[in-house]
Every structure is written in structure tokens, then in C-alpha cells.
1. Quick one: in segment 54-95, which of the residues that are within 30 Å of residue 32 (Cα to Cα) and surrounded by 14 or more Cβ atoms within 10 Å (Cβ to Cβ) is farthest from the chain's Cα centre (by Cα)?
2. Only one of (1) under 30 Å from residue 21 (Cβ atoms); (2) in contact (Cβ under 8 Å) with a residue 12 or more places away in the chain is not met by residue 89, so which one is it?
3. Please pick out the residue among 26, 45 that is surrounded by 13 or more Cβ atoms within 10 Å (Cβ to Cβ) and within 21 Å of residue 94 (Cα to Cα).
4. Pick out the one residue from 51, 10 that is more than 21 Å from the chain's Cα centre (by Cα), free of Cβ contacts under 8 Å to residues at least 40 places away in the same chain and surrounded by 13 or more Cβ atoms within 10 Å (Cβ to Cβ).
5. Looking only at segment 8-27, which residues are at pLDDT below 85 and out of contact with any helix residue (DSSP H, G or I) (no Cβ under 7 Å at 6 or more places or on another chain)?
């Protein structure tokens, strides 16, 4: 009887530690994912700002209204395309973040059942 109680206690402690370990791994994955997301947003913001400045410089050098319109149209198209590509990339990053953050908890839960 005492051996059975000790086995149950040991198993309970093992499961508790597995849960704590899974939670720590999950938090680490989330932290890394948020850092990657922040780095991506910083890079995108810098690139967008640089593109805007480049378009402004081109506009200042435009000789005709038609040339200015063409520069503005090209900038708007490129900005829209870049924005859509970035939103797709960020969506994929968020999906990966969610999966990676949940994976340690899911793995620990499968061991319990």
C-alpha cells in the first residue's frame, strides 16, 4: 500500500514537472516568436520609410505633371504590393508562432492521456 502511494506521488510529481517544463518551453517559443515579429516589423518600417523618401526625391525632380503622376502611381502600386506581401508574411509568422507556442503543451498533454 505504501509503495502504491509512493508510485502515485512520484507519478504526480513527474506530471507536474512535465507541465512546468512544457509551459517554460511554450513561453520561450512565444518570446522568440515575438522577437522575430518585432524585428520583421522594424525592417519593414525602415524599408517603407526609405521607399517613401526615394519617391519624394523623384517627385521633386519631376519635370512635368505627367512624370510626377507616373512616379506617384508607381510608388502607390509598389507600396500596395509590398504591403500585401508583408501582411501575408506576418500572417504566416503569427500562425507559426501559435503552433510553436502550443506544441510543447500539446506534447505534454499527450503524455498524460
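The values are calculated or read from the model by the stated rules, or taken from the named source; none is laboratory data. Computed from a prediction, not measured in an experiment: that's the story for all the values here. Backbone-built Cβ (ideal geometry, glycine too); neighbour counts: all protein chains shown.
1. Of the residues in segment 54-95, the ones within 30 Å of residue 32 (Cα to Cα) are 79-95.
Those left that are additionally surrounded by 14 or more Cβ atoms within 10 Å (Cβ to Cβ): 79, 82, 86, 90, 93.
Working: 79: 21, 82: 17, 86: 11, 90: 6, 93: 4 Å.
The qualifying residue farthest from the chain's Cα centre (by Cα) is 79.
2. (1)
3. Numbers: 45 fails: surrounded by 13 or more Cβ atoms within 10 Å (Cβ to Cβ).
Exactly one of 26, 45 is surrounded by 13 or more Cβ atoms within 10 Å (Cβ to Cβ) and within 21 Å of residue 94 (Cα to Cα), namely 26.
4. On the way: 10 fails: surrounded by 13 or more Cβ atoms within 10 Å (Cβ to Cβ).
None of the others qualify; the one that does is 51.
5. 8, 9, 10, 11, 12, 13, 14, 16, 17, 20
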